[in-house]
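Written below as structure tokens is the structure these notes are about.
The values are calculated or read from the model by the stated rules, or taken from the named source; none is laboratory data. If you're wondering where the values come from, they're calculated on a predicted model, not measured in any experiment. Counting neighbours? That spans all protein chains shown, and the Cβs are built from the backbone with ideal geometry, glycine included. Keep in mind that these areas ignore ligands, DNA and RNA; they rest on the heavy atoms of the full protein, side chains included. Shrake-Rupley method; radii C 1.70, N 1.55, O 1.52, S 1.80 Å.
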Amino acid sequence: MVTDIRSSYSSPAGREFTMLAGRCAAINPASRVLDLGSGYGDGACNLAREFRCKVTAIDQSEENIQSAQQLAQEKGVSHLITWEIRDIMQADFSQAEPFELALAEGGTFSFISRVRGLALVHQWLIPRGWLSFSDLIFYTEKVPPEVKTIFEDDRYHYESEQSYRALVHDAGFEVYCMTMVPPSGWDNYYAHMARRLEDEKGVFADKRIKLAFHKEIDVFYRLEGFRYVGYLFCLARKRE
Ligand SMILES: C[S@@+](CC[C@H](N)C(=O)[O-])C[C@H]1O[C@@H](n2cnc3c(N)ncnc32)[C@H](O)[C@@H]1O
């Protein structure tokens with residue numbers, strides 16, 4: 001069931017998960033938050049609006065950062081957010097004041113390498129700082145090929161909950177909360193994607209992108225891809 005028709009998160013883990021991270025991390029107006037792969041800006045804007053914290057948000061897509069800046073203006077939080085058009089792998093915050101919370105929502109670690117991404121975040125957080133991320137996982141190794149090929153290719157390979165838990169631990173974090181995003185999260189996400197497929201400009205105007213998303217939505221619902229792929233949410237804390 002679609003529970004948030006206005007969501008423009010580009011992943012099934014939406015506003016509730018960002019809010020959970022902000023509340024557990026006790027984010028407040030003195031806090032500094034880092035949003036890695038900020039997309040259309042929902043995560044950064046929701047945090048800034050709710051907690052009045054300072055957010056640094058990075059995304060390599062200029063188009064996405066422009067949409068995010070517009071959203072921040074509409075929500076009256078643009079003075080609280082610094083937007084950077086940058087590849088996370090080229091970013092270096094080791095000389096900056098460390099962050100209390102880092103967000104890597106919507107599979108950012110799968111885009112940049114999980115081990116490297118976790119190590120960077122560990123370095124940029126304060127002692128006992130918080131990490132909140134969400135990412136696609138497979139529930140089982142026995143995924144039918146028609147489902148597997150939609151989500152995995154030569155470049156992207158996914159973890160299981162167990163293997164992700166091990167990566168988080170090995171990177172120096174303790175897991176506070178690890179859970180699967182409920183079906184409504186997927187419905188909100190695909191409702192957003194279905195709206196974007198009407199775009200006549202930008203990434204979603206591309207016929208190949210339209211076709212790929214139509215196929216993914218079809219495989220997820222009609223071929224019951226939801227039995228094999230899930231969206232993992234993790235809230236973790238730096239051990240020291
Ligand atoms: C699936 S979207 C998730 C966006 C947002 N966090 C959300 O949950 O709605 C992934 C975002 O990561 C960005 N991204 C991917 N690789 C990146 C990289 N190496 N450096 C910076 N941004 C990156 C993409 O441009 C895209 O906006």
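Only one entry in 117, 129 is near the ligand (Cβ under 10 Å from one of its atoms), of a type outside the set (A, V, I, L, M, F, W, C) and touching a strand residue (DSSP E or B) at 6+ places or on another chain (Cβ under 8 Å), namely 117.
Here is the figure for region 1-32: residues that are open to solvent by 20 Å² or more (accessible area, probe 1.4 Å) and hydroxyl-bearing (Ser, Thr, Tyr) total 3.
On the stretch given as region 172-202, residues that are at pLDDT 95 or above and in a loop (DSSP other than H, G, I, E, B) total 3.
Total residues in region 174-228 satisfying the condition of being under 18 Å from the mean Cα position of the chain (by Cα), open to solvent by 70 Å² or more (accessible area, probe 1.4 Å) and aromatic (Phe, Trp, Tyr): the figure is 1. Residue pairs whose Cβ atoms lie under 8 Å apart, sitting 6 or more positions apart in sequence or on different chains, and linking a residue in region 112-129 that is in contact (Cβ under 8 Å) with a residue 60 or more places away in the chain and open to solvent by less than 10 Å² (accessible area, probe 1.4 Å) to a partner that is assigned to a helix (DSSP H, G or I) and not aromatic (Phe, Trp, Tyr), are 117/88; 117/108. Only one of the numbered conditions (1) touching a Cys at 6+ places or on another chain (Cβ under 7 Å); (2) away from the ligand (no atom under 16 Å from the Cβ) is violated by residue 143, and that is (1).
Selection of first residues in region 67-88 that are among the charged types (D, E, K, R) and of second residues that are outside any loop (DSSP other than H, G, I, E, B), restricted to Cβ pairs under 6 Å at least 6 apart or on distinct chains, gives the following pairs, ordered by first then second residue: 75/45; 75/49; 84/58; 86/58. The number of residues in region 1-32 being in contact with a Ser or Thr (Cβ under 9 Å, 6 or more places away or on another chain), more than 13 Å from the ligand (Cβ to nearest atom), of a type in the set (Gly, Ala, Ser) and outside any helix (DSSP H, G or I) comes to 1.
Taken over region 64-83, the criterion of being near the ligand (Cβ under 10 Å from one of its atoms) and open to solvent by less than 40 Å² (accessible area, probe 1.4 Å) is satisfied by 64, 65, 68. If the condition is being open to solvent by 80 Å² or more (accessible area, probe 1.4 Å) and either outside any helix (DSSP H, G or I) or within 21 Å of residue 8 (Cβ to Cβ) (or both), then region 84-95 contributes 85, 92, 95.
What tally of residues in region 149-164 results from selecting those that are surrounded by 13 or more Cβ atoms within 10 Å (Cβ to Cβ) and touching a residue at least 40 places away in the same chain (Cβ under 8 Å)? Number of matching residues: 6. One residue is enough: does region 33-45 have a residue meeting the conditions more than 8 Å from the ligand (Cβ to nearest atom), surrounded by fewer than 19 Cβ atoms within 10 Å (Cβ to Cβ) and at pLDDT 95 or above? No, region 33-45 contains no residue that is more than 8 Å from the ligand (Cβ to nearest atom), surrounded by fewer than 19 Cβ atoms within 10 Å (Cβ to Cβ) and at pLDDT 95 or above.
Taken over region 74-83, residues that are among the charged types (D, E, K, R) and outside any helix (DSSP H, G or I) amount to 1.
Only residues that are open to solvent by 10 Å² or more (accessible area, probe 1.4 Å) and away from the ligand (no atom under 11 Å from the Cβ) were counted across region 46-63, and they come to 6. How many residues are in a loop (DSSP other than H, G, I, E, B), open to solvent by 10 Å² or more (accessible area, probe 1.4 Å) and within 8 Å of the ligand (Cβ to nearest atom) if we restrict to region 96-111? Total meeting the criteria: 2. The criterion of being assigned to a loop (DSSP other than H, G, I, E, B) and either farther than 21 Å from residue 134 by Cα or under 18 Å from the mean Cα position of the chain (by Cα) (or both) does not hold for residue 67.
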